[in-house]
Each structure stands twice: as structure tokens, then as C-alpha cells.
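Heads up: the structure comes next, in C-alpha cells.
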Amino acid sequence: MDSVEKGAATSVSNPRGRPSRGRPPKLQRNSRGGQGRGVEKPPHLAALILARGGSKGIPLKNIKHLAGVPLIGWVLRAALDSGVFQSVWVSTDHDEIENVAKQFGAQVHRRSSEVSKDSSTSLDAIVEFLNYHNEVDIVGNIQATSPCLHPTDLQKVAEMIREEGYDSVFSVVRRHQFRWSEIQKGVREVTEPLNLNPAKRPRRQDWDGELYENGSFYFAKRHLIEMGYLQGGKMAYYEMRAEHSVDIDVDIDWPIAEQRVLRYGYFGKEKLKEIKLLVCNIDGCLTNGHIYVSGDQKEIISYDVKDAIGISLLKKSGIEVRLISERACSKQTLSSLKLDCKMEVNVPDKLAVLDEWRKEMGLCWKEVAYLGNEVSDEECLKKVGLSGVPADACSTAQKAVGYICKCNGGRGALREFAEHIFLLMEKVINSCQK
């Protein structure tokens, strides 16, 4: 269970939060009176993820794939699965971000150009959203750049707002870092300690550390936002676990973030199971989809040695690997690759064959992985416990999976997917040992 601390309540008459850029527009309140016997409706809590298309660093960063999933997808999955929001929204000005948001099940608010500038603040965008959504009473502003957010964090914060009466709650992380005063050139010659006595430096285990905002989320009631604040009123913090506190905008780069997400990220409601069978589409996954024909009309295909090594590693780990194709491939040609895998070609219904193999091995769907790339793979990808596609897979296949490889088909995608399986299996083993 997550180790969490709630901050002490603080009541202020003039809440000190982030200042607004000018006075926010007057927001019209919706009557919360119920029908019949006058029972009031519960306050409408909306999750809002701000994701504009412009980025000074990484173009379309919010939908760039992190560990095989669009960055914004990680927080959307956590928000939707938490079950505490009456609505989950993405505020964006970009078509591609809108498509990804809808793919994950979120609603979309198309923000105006006025709040999509580099100089626009989060508060500007939230105020605009509320002007269009009079039904919303509480906003949970979740940062798209916090991919290790878990539903349990959001559930506990919602309880603090709804049951304990807090007006605003924001996320923090505990850090054990000694701070020193900055030396301004020409002003002072020596630095001074800010939070320690150098003569009695505490050991980490003897010091509680300090709490820092980690930017993962800011929950606030409507009346606070009307006054131009995201923090204030009866206010509290929510302490997140350090391993879940990942902000790729601030203190972590993309490759490191991917490793953190694979180990500490949230992968869905159902528990991961150990993978025992991987089925890979031949054309476009094992190969690049190109077919060469020799002068004597013999078919020639190519594959990446890295993928062959990936198959070998999977088999050594006890994972069965089988190949499938809707095309009437030459089994003789495929056998010459010496991959030592059972295969079926000229398959009109891949799902039927996949189901037959699953039953033959006595497996549940959660123990099966599938790597596909075409429309004909869609149903298989949706059915299995772990699904993946190469980077150059068709859009239909990409929308049906949980992992999109960086590598193209026939160019290392199978090896990459194998590494993904190994990391997730490590996660399964660790969870079983707890």
C-alpha cells in the first residue's frame, strides 16, 4: 500500500496561490438543487489535462511515445481508472492531441488561441474551460508530464476534497537535499547553509527531509479558481511516493523516464500475468514486409539478426514463440531462417488460430502476447494480455495496442518488444514477492 501523508489544513481569508494574469472572467454558477425532494447532486469533479500543441523543447511532446504509450495516455489511464471523476477532459488546440485523447476515452475541450500562447498560464486555460462547463464544481488539474501517476493517488485526493472538506489539494514529494544560499557575483563571497548545520550534518535516516511541489496535480474548488487561485482556502498537500514522482519536464530525460515508467508506472486495472506465449505476425513484424523474387521465381525475405536473438532470448526464458501470416508464405523459405518456431501461413482468421494455440497450451488470454502490424491483426491485439506493434504499423493496429515500438518491422521491433516483455515480467515477479 502507498505510504502517504496528508498536509495539515490551513485556513486563509486571502488565499496565496499562483497569481492570475489579470482578473479572471466572472463564471456563472449552476444551481446544484436536486429534483423531487430537493436532494443536492454531489459536486461535479472533473479531471482536466492541459496539452497544447506548441512546445519549445520536444514537438508534440504530449503525444510522443513513452515506453510505447503516448505521454498523455499514462495520466489519462490513471484518471479514467480511478473512478472518481464525473468527467475527464483534455484541453488542447491540436488535432493530433485531440485524436489521442479520444482514443483513450477522454472528452476534448478545444481551447482558444488566446490561452494557447507560450505566455499563457495554466490558470488561464482552466478559467476558459470553466466558462464553457458550468456543471463543473471542482477541477483536478493533472499534468501530462507525470507518467507514473496511479489511480490510488487520485482516489485519496478526491476523498480529501469531498469527505474532509478541503478547498484545494496539491501533490508534493519528499526530498533529502541540503540547500545553500546562492552566491551573487560581486555581492557576497561565501555561501551559507539554508537547511542544515554543517557541523552536525544529519544522516539521511535521521532527517525527515523537506516537501517540494512535484507538479503532478492541483485540485481546486471552483470558487477558488473564480478568485484566480489554484491553491488556497482550506488547503492541504498530498505526498506522493518518490518513485511515482516523475516529471520529464523538470528533472528527468526521456530514456530514464521510460525505465522508471516500466518499473513504477500504472498499466491498467487488471494485474499483469506472466507471459507464456508470444505470437508474431511474419510480414511487417519479423520482416520489413518487402518480398524479393529471384530469377527462378523463388521468394526471398530478409530479417534482422537482433530479432532472431530476441526470439532466442524469449525461448530461453520459457516463453513459446510462434509465427503467423495471412499470406501463403513459403514455409521452406521461413524454415531456412532457422528460428525453430511453430508457424501457420495462409491464415484467413488469425484470431481463430491464436485461440486454438492458447487452448492447446492451456493459457488464459492474459498469458498471451501478440506483435502485429495490420488490420488483420486488430482483433488479436485487442484480445491478448500484452500487445505491440512496430513503429510503422498501420493506424488501425496502433490504436488497438498497449505498446508501440520505436523500431520498424524487420528492423528490431521484435527484439524491442521482447525487452518490453522481460521488464514487465520483472514487475510481475516483484509484485508476487511482496
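The values are calculated or read from the model by the stated rules, or taken from the named source; none is laboratory data. A quick note: this is a predicted structure, and the numbers were derived from the prediction, not measured. Here the Cβ is made from the backbone with ideal geometry for all residues, glycine too, and neighbour counts use every protein chain on show. Just the protein is used for accessible areas: all its heavy atoms, side chains included, with ligands, DNA and RNA removed. Shrake-Rupley method; radii C 1.70, N 1.55, O 1.52, S 1.80 Å.
Per-structure values
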quantity	calculated
Out of Gln177, Gln143, sole residue that is surrounded by fewer than 13 Cβ atoms within 10 Å (Cβ to Cβ) and either in contact (Cβ under 8 Å) with a residue 60 or more places away in the chain or not aliphatic (A, V, I, L, M) (or both)	Gln177
Residue check, Leu71 at pLDDT 85 or above and either under 20 Å from Glu226 (Cβ atoms) or assigned by the TED database to the domain that holds Ser112 (or both)	yes
Flag for Ser87 being open to solvent by 30 Å² or more (accessible area, probe 1.4 Å), of a type in the set (Gly, Ala, Ser), touching a residue at least 12 places away in the same chain (Cβ under 8 Å) and closer than 15 Å to Ile49 by Cβ	no
Failed condition for Cys380, given (1) of a type outside the set (Asp, Glu); (2) touching a residue at least 24 places away in the same chain (Cβ under 8 Å); (3) on the phi > 0 side of the Ramachandran plot	(3)
Residues satisfying the stated conditions in region 51-62, i.e. surrounded by 23 or more Cβ atoms within 10 Å (Cβ to Cβ) and outside any loop (DSSP other than H, G, I, E, B)	Asn62
Elements of type strands (runs of 3 or more DSSP E) contained in region 316-429, each with 2 or more residues being of a type outside the set (A, V, I, L, M, F, W, C) and touching a Phe, Trp or Tyr at 6+ places or on another chain (Cβ under 8 Å)	386-389
Selection count, region 70-84, where residues are surrounded by 21 or more Cβ atoms within 10 Å (Cβ to Cβ) and outside any strand (DSSP E or B)	10
Residue match in region 195-211 (condition: aromatic (Phe, Trp, Tyr) and either part of a strand (DSSP E or B) or within 30 Å of Val353 (Cα to Cα) (or both))	no
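Residues checked against (1) assigned to a helix (DSSP H, G or I); (2) closer than 26 Å to Gly140 by Cβ:
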| residue | (1), (2) |
| --- | --- |
| Gln184 | no, no |
| Val187 | no, no |
| Glu243 | yes, yes |
| Gln259 | yes, no |
| Tyr266 | no, yes |
